[in-house]
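The values are calculated or read from the model by the stated rules, or taken from the named source; none is laboratory data. The model shown is predicted, which means the values in this text are computed figures rather than measured ones. Glycine also receives a Cβ, built like all others from the backbone with ideal geometry; neighbour counts cover every protein chain displayed.
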Amino acid sequence: MKILLRKMRKIYRNFRISQKLFLAFSMLIAIPAIVVSFLFIRIQETQLYKDAMTTGSSHVSRMDEKLRSKMNIIENASSTALTQKSFVDFIHSNMLGDGLRLVKFRQNQFEQMHNIIQSNETISELSFYVDNPNLYEIWPEIYHYDRFSPQDYWKDLRDEGGAAYRVFAFKEGEHTLAYYRLVRLQGQQHKRPSIMEIRTSHKVFFNDLLEETGGDFFSVVMEGSNSSRYIYNPKHAFSQAAGEELDEILGRIHRQLDVLEQENPVKINAGDQTYYAVYRYIAPLDAYVVDIASHQALMKGPRSWYGLVIVITSCVLLLMMLLVSTTTRRLFRRLDSVLSSMRKVRKGQLDEKIDTGLDEGETGDEIDEVAVTYNKMLDEIKQLMTQVVDKQLIAKNAQLHSLHSQINSHFLYNALEAIRMQAEVQRQPVIADALVSLGSLLRYSMKWNGDTVALGEELANIQSYIKFINFMEDGNFVLTADLPQEVHHYAIPKMCMQPIVENAVHHAASPGGRLQIQITVWVENNSTLIIEIFDDGVGVDPQTLAGLQEVLQGESDTPIIAGKNGLGLENVHKRLQLHYGKGYGLWVDSVQRSYTCVTIRLPWENVNLGGW
């Protein structure tokens, strides 16, 4: 307990002053108001429960009256059918003896019986089951007793006074209610008595129950002797909400039902819900009419009142908070300005200094002293950040200038040496063409007036390079380009494509073979410029390719080291990432003895492009 009090005291001490005042007002005003409101709602819940149970009982009584009225209709129809004595006598006589007599029966007695059935909307079918070996089963209203099941049911009918209902008929009982009645004939005691069966569908007999889809109460008809058989509307909101738990709910309710009407509703708990049930026993049907409601559904009104109380209380607390906050803000305005500036600085706004309003020479109070010290600290932070940025820029610029030097010196040395050797050996005029190409290459590589060039200029320089290489090495290199017109004048970093083409020329062609180099340019998602340089050369062996791809996926700020063949793909990739970030640079894909494809990714927006 002491540890808990110590923790609470520590938490309270860390509260702001406005929070402490707010807590004090809440204890004095809000909590008593909430307690009184909840007591009032509790009283309303009790009254609402009594009213709901009264409404449920009235509904069950009305259902009972309607069902008994329909039972009277069925019983009257059965009595009317039995008054057709000529029909009853005929089905117990020899129906196979005289065909003309059978035809007259069909036209007269049978038609009258059929009209009785058709005139009653409640009855769907009326059948007689007769223990008569000479019975002719030509119509669905007349059957031999052997078709009736169970065969000894007439004994139960006899014990029950000659007639009985079954909520679930023997035949198609899942959807049908049946009324069975003995047909007793004089002089036929040695035979089994005939049985008349009147069938009506559940949809017709329980239509009021099956048409209800809403409301607080869910109506069910339960068979008295079997707790697993009941009739209800599966589309009712209660049924759909209960889901798989419905059978458990109905089973628990059935176990508490009694043929003697109880004063208090049945109450059960299933899952996390509480349910109430009011019912009425219908003796002729041996069934219960039950209305079920969940406690949560009945109390949804008071539950919304709880929400209303919470909303009102929250609004009151909010107003109190605004009042306390306004009061404390006036008292501690300067301290709030210090805290506000600190929050902005924490988000990266280093220019948010505190305005102290002090003249030179003024020291102010403790809050002013904190503000002055804080402003000096911000100045020192910005100075240190500037120094760090300058150091990083100097280091990167040094790397870039070193790379420029390596590119120029490496290319000039190889080109001039090759031309010199060719001139000494052959002394032919064709060297003039080579000098023209070389001049173009030299002018392009030595001219660094800007960091970017048009993509068309870079492509023209590569074409001059291919011409010169074909002359210098008597090679068979073919360069083709496919790029949209709008990218010809688009600025790209200078010399970002040249090293890749050089790499293809020196490493992709087989000795004495022909090499096709294809350059394709397009814009991806209106955000990235894609330059794809493809050659059909010897490709890269899988081990070398895996090592190269691993290097290209590494950190962009690692030191740049020239390989034995000069600046390679790794250096171009790192230079691109140095300026544009990790989302840009090179990617290499190759299949040995098939092709090599190098893809350059650059930002498409011109304002974001820069050079080396």
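Overview of results
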item: Residue list for region 474-509, filter: hydroxyl-bearing (Ser, Thr, Tyr) and either part of a loop (DSSP other than H, G, I, E, B) or not assigned by TED's automatic domain parsing to the domain that holds THR596 (or both); result: TYR490
item: Whichever residue in region 307-331 is surrounded by 14 or more Cβ atoms within 10 Å (Cβ to Cβ) and of a type in the set (Ser, Thr, Tyr) and, among such residues, is modelled with the lowest pLDDT; result: THR328
item: First in region 227-240 and farther than 12 Å from ILE292 by Cα, second anywhere and part of a helix (DSSP H, G or I) and at pLDDT 85 or above, Cβ under 6 Å, 6 or more apart; result: SER227/GLY251; SER227/HIS254; TYR230/LEU250; ILE231/HIS202
item: Which listed residue, of ILE560, ILE500, ILE492, is among the β-branched types (Val, Ile, Thr), at pLDDT 90 or above and within 49 Å of the chain's Cα centre (by Cα); result: ILE500
item: Scan of region 202-232 for residues that are of a type in the set (S, T, N, Q) and surrounded by 18 or more Cβ atoms within 10 Å (Cβ to Cβ), ordered by number; result: SER219
item: Failed criterion for LEU567 (all others in (1) over 17 Å from HIS506 (Cβ atoms); (2) modelled with pLDDT under 70; (3) among the hydrophobic types (A, V, I, L, M, F, W, C) hold); result: (1)
item: Qualifying positions in region 593-605 - at pLDDT below 90 and more than 37 Å from the chain's Cα centre (by Cα); result: ARG593
item: Criterion: in contact with a helix residue (DSSP H, G or I) (Cβ under 8 Å, 6 or more places away or on another chain) and of a type outside the set (Ser, Thr, Tyr) - qualifying residue of GLY214, GLY243; result: GLY214
item: Hits in region 101-127 - residues which are assigned to a helix (DSSP H, G or I), buried (at least 17 other Cβ atoms within 10 Å of the Cβ) and among the aliphatic types (A, V, I, L, M); result: MET113, ILE116
item: Any hit, region 183-194, residues being touching a Pro at 6+ places or on another chain (Cβ under 9 Å), hydrophobic (A, V, I, L, M, F, W, C) and over 29 Å from TYR275 (Cα atoms); result: yes
item: Checklist (1) farther than 26 Å from LYS70 by Cα; (2) over 59 Å from the mean Cα position of the chain (by Cα) applied to ILE195, failing item; result: (1)
item: Verdict on ILE117 being touching a Leu at 6+ places or on another chain (Cβ under 7 Å) and at negative phi; result: yes
